[in-house]
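Heads up, the thing below is written out as structure tokens.
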Amino acid sequence: MITYNSCDIEIPAIDQERLNDWINRVVINNNCEIGELNYYFCSDDHLLQMNREHLNHDYFTDIITFDYTVSDLISGDMFISVDTVKDNAQEYKCEFSQELRRVLIHGVLHLIGFDDKTDKDQEIMTQKEDESLALFSKIH
């Protein structure tokens, strides 16, 4: 089950059914199954406070993922800063919706087991994000 929630801002205009289908396909393609995935949309300030409280990080980020995965049953809470996603979309010269999809699937890829701490891990993560985004374009 996938849910979309708001913390301190409105949920962006998204096609939840199409996103759910896409996320499910990405998870299945990685030999896993969806348990409970909860997305929470929030502001920079809200996510910065969470980053400080839960991770002892004092910086803005686009997503924080709390992993509750057991074996191949993917579950977690993902908090997304819509402010940072907007800023990143401008910086990378892409549509907000595309950058939001990248962040949505980035959290799922973490739950599947992909990391981005080293340069090599970041390269693999970006490749997986790109593959997943290509799959989205095939879903109607």
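The numbers here are math on the coordinates, done by the rules we state, and not lab data. These numbers come from a predicted model, not from an experiment. So basically every Cβ, Gly included, is an ideal-geometry build from the backbone, and we count neighbours across all protein chains shown.
Data for the structure
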item: Along principal axes, Cα extents of the stretch 48-105, largest first, whole Å; result: 37, 28, 12
item: Cysteines having no other Cys beta carbon under 4.7 Å from their own, within the chain; result: Cys32, Cys94
item: Residues of type lysines that Lys86 reaches as a straight line, Cα spacing below 17 Å, ignoring anything fewer than 8 places off in the same chain; result: none
item: Cα gyration tensor, the stretch 2-136 - rounded (a/c under 1.5), prolate or oblate; result: rounded
item: 15 Å reach of a label modelled at Asp87, 7 Å along Cα-to-Cβ, counting backbone N of the stretch 21-60; result: 42-52, 58-60
